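Working notes, beginning with the structure itself.
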């Protein structure tokens, strides 16, 4: 197949950008010809090799975007034009439709509803929609998107590989071998629920939290740690250059989100390292974290339940080890880049030939 992955509005290096990069690698590995549209000099441009259409799209409804894509499609055809981010949803799709450049598929990466206007617009433009989890599919169905227009195809990640032994990393972080360490990885914004983790740690004598990441909510979180008198057990480590080493040094990874996460990569990365995950029961998280098998789930915003979960895992090292081993197996079996590409490939083939 010839595929165009559309990322002309992707200027950062977050989950959607990584999804496009991983999928491009996976589809090429399966023998497909993939072109990526991306802003020149963007992280996506720097990290993806091969054929690219370098175009910085700004403004969802700009006629200039339409004309640039219409010119690009002139004399070109693709089996699939694959869209990922709402600024890219309209003008590239319109240009592809008018140029008859190929089937148009959009992936929805967040578990939020669409307005009635968006449902009408997008269902008229797209041939098919890929929700990244059943939680996302449910939100779109509640918005009015027909179920037959959607196929859930879950993401995958490369398996992380730690470069250093966890004991060495823990020593550099000032941790004793016997300390129970809960790691949090992600942008420091209110919806990530780090307040819930801090309150749970304050109610759990033997737990220590390491918060990796930056964001505008960091000062408020540091104030909360001081008010809870846990500054000696809750450390803000900022940006970490080697996520694999840091994750591997933790006893478990916490994802205490208070909003409906779609399908967060941090969980898949932790699983690939054999780290159990403790996560809130929101969005697509219960679709990845099997409670009692690869990790544990707790109710949104319930710091007391999270504290109880942490105390139970502190007391049962054997359970933590077993869950971590099972998580690593699940990643290898279901959540690699190769498995991701295989799932998306099947959607593309079915869109191109509905009889499949």
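The values are calculated or read from the model by the stated rules, or taken from the named source; none is laboratory data. None of these values were measured; they are calculated from a predicted model. Cβ sites come from the backbone with ideal geometry, for glycine too, and all protein chains shown count toward neighbours.
Yes/no per residue for (1) in a helix (DSSP H, G or I); (2) over 23 Å from the mean Cα position of the chain (by Cα); (3) outside the structural domain of residue 346 (by TED's automatic domain parsing):
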| site | (1), (2), (3) |
| --- | --- |
| 69 | yes, yes, no |
| 78 | no, yes, no |
| 110 | no, no, no |
| 120 | yes, yes, no |
| 124 | yes, yes, no |
| 129 | no, no, no |
| 139 | yes, no, no |
| 145 | no, no, no |
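Being outside any helix (DSSP H, G or I), in the same structural domain as residue 287 (by TED's automatic domain parsing) and exposed (fewer than 14 other Cβ atoms within 10 Å of the Cβ) is true for just one of 223, 232. Which residue is that?
Just a single option satisfies the conditions, and that option is 232.
For residues in region 311-325 being within 18 Å of residue 254 (Cβ to Cβ) and under 26 Å from the mean Cα position of the chain (by Cα), which is surrounded by the most Cβ atoms within 10 Å (Cβ to Cβ)?
In the first step, residues of region 311-325 are kept if they are within 18 Å of residue 254 (Cβ to Cβ); the result is 311-317, 319-321, 323-324.
Add one more test, that the residue is under 26 Å from the mean Cα position of the chain (by Cα), and what stays is 313, 320-321, 323-324.
Working: 313: 22, 320: 20, 321: 13, 323: 27, 324: 22.
Only one residue tops the list, namely 323.
Go through region 168-183 and give me each residue that's in a helix (DSSP H, G or I) and either in contact with a helix residue (DSSP H, G or I) (Cβ under 6 Å, 6 or more places away or on another chain) or without any contact (Cβ under 8 Å) to a residue 24 or more places away in the chain (or both).
168, 169, 171, 172
Give the residue that is surrounded by the most Cβ atoms within 10 Å (Cβ to Cβ), with candidates limited to residues of region 50-66 that are touching a residue at least 24 places away in the same chain (Cβ under 8 Å) and within 20 Å of residue 27 (Cα to Cα).
Among those residues, the one meeting the criterion is 53.
Is it the case, given these coordinates, that residue 101 is in a loop (DSSP other than H, G, I, E, B) and either within 19 Å of residue 349 (Cβ to Cβ) or not assigned by TED's automatic domain parsing to the domain that holds residue 16 (or both)?
yes
Just to verify a result, which residue in region 5-20, among those that are touching a helix residue (DSSP H, G or I) at 6+ places or on another chain (Cβ under 9 Å) and in a helix (DSSP H, G or I), is surrounded by the fewest Cβ atoms within 10 Å (Cβ to Cβ)?
My answer is 18.
Quick one: which helices (runs of 4 or more DSSP H) lie wholly within region 274-356 and hold at least 1 residues that are over 23 Å from residue 153 (Cβ atoms) and touching a strand residue (DSSP E or B) at 6+ places or on another chain (Cβ under 7 Å)?
Numbers: elements: 285-288, 303-315, 317-334, 337-352.
Fully inside region 274-356 and qualifying: 303-315, 317-334.
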